[in-house]
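See structure below.
The values are calculated or read from the model by the stated rules, or taken from the named source; none is laboratory data. Source: prediction; values computed, not measured. Cβ: placed from backbone, ideal geometry, glycine included. Neighbour counts: every protein chain shown. All accessible areas refer to the heavy atoms of the entire protein, side chains included, with ligands and DNA or RNA removed. Shrake-Rupley method; radii C 1.70, N 1.55, O 1.52, S 1.80 Å.
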Amino acid sequence: MPLDSLFEPFRLKSLSLPNRIVMAPMTRSFSPDGVATAEVAAYYRRRAENDVGLIVSEGTGVSRPASLNDPNVPRFHGASELLAWKQVIDAVHAAGGRMAPQLWHVGSARNPASDWKAPGPIDSPSGLSSPGKRFTEPMTEEAIADAISAFARGAADAKRLGFDCVELHGAHGYLIDQFFWAGTNAREDHWGGATIAERSRFAVEVVKAVRAAVGEDYVVILRLSQWKQQDFTARLAETPAEMEAWLQPLSEAGVDIFHCSQRRFWEPEFEGSELNFAGWAKKVTGKATITVGSVGLSGEFVAAFRGEASKPASLDELIRRYERGEFDLVAVGRALLNDPEWVRKVRTGRTGELKEFSREALGVLV
Ligand SMILES: Cc1cc2nc3c(=O)[nH]c(=O)nc-3n(C[C@H](O)[C@H](O)[C@H](O)COP(=O)(O)O)c2cc1C
């Protein structure tokens, strides 16, 4: 199927992209002591040189003491850390690219591979790392207020450094998602509650604070998922009405683009309709959406972490859905981690040169 439609420009507020392909945020742990290196800048620059429409950075920690759980993941606060990010965005811009940092707070998610000790209190709505597993204290009001403001400070820094837009990581069972999910949010105050709308309050306040920090014209992307790393079957919205109750307040708070994380983009979100998560998010909010999950590859990423190889796969189903308006943008993870030239190869029909993905790719920055 011709890919031309994916190469239409995308414009929203001050953001202008040459095509619809987004590099998905991917943690690489190549930033010793939390500072992105020249190799990291060159890695992103290579994607910009090779026609990626928008690069979303690996998750980068906001300014709370324990926003990250791995010393090799870059921070998005502190003078040397932000200077390093300035070098990244300047390198991407010099190659004609566009980029957003993904602002991240891991909350109570642990890194089993790391013996790293948190340099301060771990932030989490109820001290739970997963349902029933309490290991720390619930956040105080002061900690919650500072965590909200940490996302806003990060977004203001993103704009000041020259990033083209900003993404907030609200997915996959990390801090923002720990508030959304009843399994990790058992609070009885106004940050918790029986409904997804009540448990969305933290995220709504984060989005409002970010919007106030960056102004109206700067694009704010929010990444969300139903699934959590603690439970791949978990769901925040069981019905379209629940999805509307979840997303509408976030949309009103100032989200411009919902980045809807699925492991396989073609899976329907609710029975009785083919629409995927990005399709429903667009339908219930009217906002632009990004789809993601196994684009251009035969297998999904969690299995890939376990060692299953993925082969290059057809983009026909993706294009069919894009052309009928299900979503506006398409994020590509592993295929772009593996191969900086992926976009150029698919555009020019060099399909014989597309690579298999295997987990060895995680160990190098190509
Ligand atoms: C090595 C690796 C690191 C990832 N790190 C992040 C991250 O920091 N933030 C995030 O939102 N998603 C992260 N993800 C998920 C990806 O953004 C993407 O949603 C997932 O890989 C599915 O896309 P794919 O099938 O095209 O790889 C990561 C995925 C991989 C493979």
(request) Name the one entry in S294, S273 that is near the ligand (Cβ under 10 Å from one of its atoms) and either among the small types (G, A, S) or over 26 Å from K228 (Cα atoms) (or both). (result) S294
(request) Please identify the pairs in which a residue from the stretch 23-38 that is under 16 Å from V56 (Cα atoms) and within 16 Å of the ligand (Cβ to nearest atom) has its Cβ atom under 8 Å from the Cβ atom of a residue that is part of a helix (DSSP H, G or I) and among the basic types (K, R), counting only partners at least 6 apart or on another chain. (result) M23/R47; M26/R334
(message) Would you confirm, using the coordinates I've provided, whether F151 is open to solvent by less than 10 Å² (accessible area, probe 1.4 Å), more than 29 Å from A79 (Cα to Cα) and within 16 Å of the ligand (Cβ to nearest atom)?
(response) no
(message) When the residues of the stretch 235-268 are narrowed to those that are closer than 27 Å to L54 by Cα and either in a strand (DSSP E or B) or among the basic types (K, R) (or both), which ends up most open to solvent (accessible area, probe 1.4 Å)?
(response) R264
(request) Scan the strands (runs of 3 or more DSSP E) fully inside the stretch 21-120 and keep the ones with 1 or more residues being farther than 19 Å from A335 by Cα and in contact with a Lys or Arg (Cβ under 6 Å, 6 or more places away or on another chain). (result) 54-61
(message) Whether any residue in the stretch 299-322 is of a type in the set (V, I, T) and within 12 Å of the ligand (Cβ to nearest atom) is what I want to check.
(response) yes
(request) Among the residues of the stretch 336-366, write down those that are under 19 Å from D316 (Cβ atoms), among the aliphatic types (A, V, I, L, M) and either touching a strand residue (DSSP E or B) at 6+ places or on another chain (Cβ under 6 Å) or open to solvent by 30 Å² or more (accessible area, probe 1.4 Å) (or both). (result) V343, L354
(request) Any residue in the stretch 226-250 that's free of Cβ contacts under 8 Å to residues at least 12 places away in the same chain: show its pairings with residues that are crowded, with 20+ Cβ neighbours inside 10 Å and not basic (K, R) at Cβ separation under 6 Å, as long as the two are six or more apart or on different chains. (result) R235/Q226
(request) Being in contact (Cβ under 8 Å) with a residue 60 or more places away in the chain and closer than 21 Å to H190 by Cα is the filter here, so list the residues in the stretch 106-129 that pass it. (result) G107, S108, S124, P125, S126, S129
(message) With within 16 Å of the ligand (Cβ to nearest atom) and either open to solvent by 10 Å² or more (accessible area, probe 1.4 Å) or farther than 21 Å from A155 by Cα (or both) as the only criterion, which of N69, N19 stands out?
(response) N69
(message) Take the conditions closer than 25 Å to H259 by Cβ and modelled with pLDDT under 95 and apply them to S130. Does it pass?
(response) yes
(message) Can you go through R11, R46 and tell me which one is over 18 Å from the mean Cα position of the chain (by Cα) and surrounded by fewer than 16 Cβ atoms within 10 Å (Cβ to Cβ)?
(response) R11
